[in-house]
Amino acid sequence: LFSMLVDEKGEPRSFSDFKKLAKPLTERYNKEWLLTEFKQAQASSQMAVKWEGFKQEADIYPNLRYDAILDGETRDEHRELDGTIRPIDDPFWNKYYPPNGWGCRCTVTQTDEAPTPVPKGLEPDEGFDYNTGKDRKLFSDNNSYTSDVSTDDAGAVTKQAEELLKKFNA
């Protein structure tokens, strides 16, 4: 968008000309971002529901296994986490419970297999350092959705998210 502010001669464009040039780019961006946000909220909700089920079966299957989709789109960090098995009450799941980033397709499976070591040197993507089921949140506390809004508005968004999570758990 910045490059569209001026024409080929380096002269400032009128707002009308800028708007015409920018429209295809902004429409594409807004549609794709909206779909990304929708998929992220959906994945977070689904993983929160799974967490509730895991707690109910913890006496039979006390451990969880991190499962990544291993293809060309898989992030290196998620590939390294693939197959990691930790007890359901392990602090590992406080930071590494999927989804672990925008577009994350990872999941968790309950198992009675023995725990494995935790890969070293990994950090979750910024804003994804929480467990959506345990913390009952769709987004981290340090996300851009609530960082620059009033406390009342952030509380309203949190309340709506909690109500949605309750509906998914019903």
### Euclidean distance between Cα centres, segment 22-46 to segment 75-133, Å
24 Å
### Task
Give me the percent of the accessible area of segment 1-129 that comes from carbon and sulfur atoms, probe 1.4 Å, all protein chains in place.
55 percent
### Query
Just one of [x] 18.4; [y] 17.0; [z] 21.1 is Kirkwood radius over Cα pairs in Å as worked out from the coordinates here. Which one is it?
[x]
### Task
Go ahead and set up a Gaussian network model of the chain, Cα springs under 10 Å, then flag whichever of Lys20, Lys50, Lys31 fluctuates most.
Lys20
### Message
Nearest 10 degrees is fine. How inclined is helix 15-56 to the longest principal axis of the chain, computing both from alpha carbons?
### Response
10 degrees
### Summary
Computed over the chain, the relative contact order (Cα-Cα under 8 Å, seq sep at least six) in percent reads 22 percent
## Note on the structure
Between the Cα axis of helix 151-169 and the main Cα principal axis of the chain, the angle (0 to 90°, nearest 10) is 50 degrees
### Query
Under a GNM of the chain (C-alpha, springs under 10 Å), which listed residue has the highest mean-square fluctuation: Leu64, Leu35, Leu21?
Leu21
### Task
Name the residue, out of Lys137, Lys19, Lys95, whose mean-square fluctuation peaks in a Gaussian network model built on the chain with Cα pairs under 10 Å.
Lys19
### Simple label model, 7 Å out from Cα along Cβ direction - Asp71 to Glu8, nm
4.2 nm
### Spacing of the two label points (7 Å from each Cα toward its C-beta) at Val157 and Asp89, in nm
3.4 nm
### Message
In segment 49-160, if the dipole is taken from +1 on Lys/Arg beta carbons and -1 on Asp/Glu beta carbons about the Cα centre, which of Leu122, Gly103, Pro87 is farthest to the positive end?
### Response
Pro87
### Task
Would you mind getting the Kirkwood hydrodynamic radius of segment 1-42 from its Cα pairs, rounded to one decimal in Å?
11.7 Å
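The values are calculated or read from the model by the stated rules, or taken from the named source; none is laboratory data. Please read all numbers here as calculations on a predicted model, not as lab measurements. Cβ coordinates were reconstructed from backbone atoms using ideal geometry, including for glycine residues, and neighbour counts include every protein chain displayed. All accessible areas refer to the heavy atoms of the entire protein, side chains included, with ligands and DNA or RNA removed. Shrake-Rupley method; radii C 1.70, N 1.55, O 1.52, S 1.80 Å.
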